[in-house]
Amino acid sequence: MEKINIGPNTFVYPNPVTLLGTNVEGRANFMPLGWVSRVNADPPFLGVGVNKVHHTLRGILENKTFSVNFPRADMVEATDYCGLVSGKTTDKSKVFEIFYGELKTAPMITECSLSLECKLVDRVDLQTNIFFIGEIIASYTEEKYLTDGKLDIRKMNPLLLTMPDNCFWKVGNYVGKAWNIGNKFKKEKR
Ligand SMILES: Cc1cc2nc3c(=O)[nH]c(=O)nc-3n(C[C@H](O)[C@H](O)[C@H](O)COP(=O)(O)O)c2cc1C
């Protein structure tokens, strides 16, 4: 088996597709965000990588709050639209129905299956991007996206992103239970 090196500009495979919500000078703005991850267990911290050129950056710095919203696959066109235009020149505040939570300045999207309301706790300034770390202070969903009180990915029907081919995908098949299916392998190895 011969491995080939495809170079360093490679991405996490796949990324979730989310919409990063901010208020910029009092107006809600949303940008698609693939570079997002949970980065601390307790307190629950989330990291987001935002390019310094984006309008969104101003909102995070202005209010020290932001939201991360998970669009359903059927919201793909409106989601992509938010990545084609900037809040600098286009008002994106009416693209979705908006609600606010405890922090009052992190706009969230009613149509999304899940919205995480975050308070800024730290930042790492990199060359092109700023990595913002936020504490999740509340998560909003609806009963229809839950099974036995837990979020159900089949009901959420989220979008995935691959880069650098820049494609949207839906979630595929269930494979097994994490922290569990490996037990069989563990027993056989001994
Ligand atoms: C699917 C998708 C994912 C994206 N992910 C990111 C990302 O993780 N970080 C980033 O800085 N820009 C990302 N972008 C680019 C911004 O969303 C885009 O430039 C947007 O228009 C910026 O909006 P704003 O200027 O109103 O903030 C992504 C774009 C798309 C279409």
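Just so it is clear, none of the values below were taken in a lab; they were calculated from the coordinates. Remember, predicted model here, so these are calculated numbers, not experimental data. As a convention, Cβ positions derive from the backbone with ideal geometry for all residues, glycine included, and neighbour counts pool all protein chains shown.
Here are some notes:
- Inter-part distance where region 108-164 and region 43-74 are each reduced to a Cα centre, Å: 9
- The slack between LYS186 and TRP169, meaning 0.36 nm per residue of separation minus the straight C-alpha distance, is 2.8 nm.
- Its alpha carbons considered, region 43-113 gives a radius of gyration followed by a Dmax of 12.6, 36 Å.
- Simple Cβ-charge dipole of region 1-124, Lys/Arg +1 and Asp/Glu -1, about Cα centre, in debye nearest 20: 360
- Local electrostatic count at GLU111 - Lys and Arg +1, Asp and Glu -1, tallied over other residues with Cβ under 11 Å: -2
- Taking 7 Å steps out from each Cα toward its Cβ at ASP80 and VAL124 produces label points 3.2 nm apart.
- Farthest toward the positive end of the dipole of the chain, out of GLY176, ILE98, LEU61, is the Cα of GLY176, where the dipole comes from beta carbon charges about the Cα centre.
- Residue order, fewest to most beta carbons within 10 Å, for LYS94, LYS104: LYS94, LYS104
- Two-decimal log10 I(q)/I(0) for region 73-113, as the Debye equation yields it once each C-alpha is a single scatterer, q = 0.29 Å⁻¹: -1.10
- Translational diffusion of region 11-62 was estimated from the Stokes-Einstein equation, with Rh taken as the Kirkwood radius over Cα pairs; at 10 °C and 1.306 mPa s the coefficient is 132 µm²/s.
- Top of PRO107, PRO14, PRO71 by mean-square fluctuation, Gaussian network on the chain, Cα under 10 Å: PRO14
- What the pair-distance distribution of region 89-146 shows, using all Cα-Cα distances binned every 10 Å from zero, is 19, 39, 34, 7, 0 percent.
- Average projected area [Cα convex hull, the chain], square nanometres: 14.1
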